[in-house]
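The values are calculated or read from the model by the stated rules, or taken from the named source; none is laboratory data. Please read all numbers here as calculations on a predicted model, not as lab measurements. Methodologically, a virtual Cβ is constructed for each residue, glycine included, from the backbone with ideal geometry; neighbour enumeration extends over all protein chains shown. With ligands, DNA and RNA removed, areas are computed over all heavy atoms of the protein, side chains included. Shrake-Rupley method; radii C 1.70, N 1.55, O 1.52, S 1.80 Å.
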Amino acid sequence: MRANYKKTAIILGLSVILIGGVGTIFAKKINNNVSINAQAQENKKEEEKIVNYVGTNEEGKKYTYDAKKVADKLAKYDYSNDGKKVVFLTFDDGTSKTNTPEILRILDENNVKATFFLTGSNIENGGEKAKELIKEEFDKGHAIANHGYSHDCKKLYPGRYLDIDAFKEDFKKNEELIKSVLGDNFSTRVLRCPGGYMSWKGMEPLDKYLDENKLVSIDWNALNADAEGPRKNAQQLADYAIKTAQGKEMVVMLMHDTYGKEETVKALPTIIKYFKDNGYEFRTLA
Ligand SMILES: [Zn+2]
């Protein structure tokens with residue numbers, strides 16, 4: 001009798017432990033599911049945020065390339081691309097009433113797309129015509145990116161150190177201006193720091209800001225040098241562009257379509273021809 005009682009007690013005890021264990025497992029599973037769902041929702045929100053950044057029109061989407069991937073490679077000085085040659089023609093500081101239309105015409109003639117890093121103050125100085133040119137860039141399937149409003153390096157990086165609040169305000173102002181032309185649905189995640197990210201100190205707050213807002217800052221790994229050193233003629237600009245691109249599978253070419261860059265316009269057909277002859281695909285950053 002006593003032994004039986006003991007047995008029953010042991011069985012009961014084991015059952016409680018077993019049920020308790022199964023209960024805990026179930027509770028954990030439910031908890032896991034809840035956190036998995038929360039994570040999925042979080043991911044979806046992140047995706048939507050990225051999808052909302054377009055930077056180009058429907059036609060232009062065929063030519064875009066993941067700007068984040070390109071920027072990460074550039075940061076590591078890795079210009080390989082699995083054997084596939086790709087070039088990103090980029091034009092900074094526009095638009096200008098004189099040179100932008102010519103550049104658009106040459107790109108059209110050659111059936112290639114480019115990325116325009118717009119500077120707000122130049123757009124406003126150019127009035128309605130400059131705004132029409134942004135629309136034309138967009139309508140033709142080129143990519144639009146943010147180069148800030150003022151291009152005032154003393155304001156953005158006083159003493160060569162980043163002023164993150166000034167930077168954010170300046171880029172926001174330009175974004176608003178571009179939206180006022182292309183519509184509220186327009187947004188781009190791609191930006192280029194005036195003077196280049198690589199040129200300034202104390203950039204950590206910008207890294208954080210970019211990360212939090214899924215933005216991408218991109219410099220370049222080749223240039224026609226139309227904004228530095230002595231003034232060059234078209235042939236010299238083309239030579240410089242080709243020299244700095246040579247041996248690179250992935251080329252981000254820095255040029256300018258602002259005022260005074262007439263020689264860049266003249267050099268552009270030669271530069272495009274070089275990349276075509278050497279088997280490069282022309283893509284845009286978005
Ligand atoms: Zn610039």
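Points to keep in mind about this one:
- Residues of the range 207-252 classified as touching a Phe, Trp or Tyr at 6+ places or on another chain (Cβ under 6 Å), farther than 22 Å from Leu162 by Cβ and either among the basic types (Lys, Arg) or assigned to a strand (DSSP E or B) (or both), total: 2
- Condition check for Lys266: closer than 26 Å to Lys69 by Cα and either surrounded by fewer than 16 Cβ atoms within 10 Å (Cβ to Cβ) or not β-branched (Val, Ile, Thr) (or both): no
- Looking at Val216, Val181, just one residue is under 21 Å from Lys168 (Cα atoms), of a type outside the set (Asp, Glu), surrounded by fewer than 21 Cβ atoms within 10 Å (Cβ to Cβ) and away from the ligand (no atom under 16 Å from the Cβ), and that residue is Val181.
- Arg189 meets the conditions (1) under 23 Å from Leu156 (Cβ atoms); (2) without any contact (Cβ under 8 Å) to a residue 40 or more places away in the chain in every case but one. The failed one is (2).
- In the range 139-178, the residue that is farthest from Glu59 (Cα to Cα) out of those that are in contact (Cβ under 8 Å) with a residue 60 or more places away in the chain and open to solvent by less than 40 Å² (accessible area, probe 1.4 Å) is Ile178.
- Matching residues, the range 134-168, being out of contact with any Phe, Trp or Tyr (no Cβ under 9 Å at 6 or more places or on another chain), part of a helix (DSSP H, G or I), of a type outside the set (Asp, Glu) and more than 16 Å from the ligand (Cβ to nearest atom): Lys135, Pro158, Gly159
- Matching residues in the range 103-124 - criterion: being away from the ligand (no atom under 12 Å from the Cβ), within 23 Å of Glu175 (Cα to Cα) and open to solvent by 10 Å² or more (accessible area, probe 1.4 Å): Lys113, Glu124
- Within the range 219-233, the residues that satisfy the criterion of being among the aliphatic types (A, V, I, L, M) and open to solvent by less than 20 Å² (accessible area, probe 1.4 Å) are Ala222, Ala225.
- The range 254-263 - residue that is open to solvent by less than 20 Å² (accessible area, probe 1.4 Å) and not hydroxyl-bearing (Ser, Thr, Tyr) and, of those, nearest to the ligand (Cβ to nearest atom): His256
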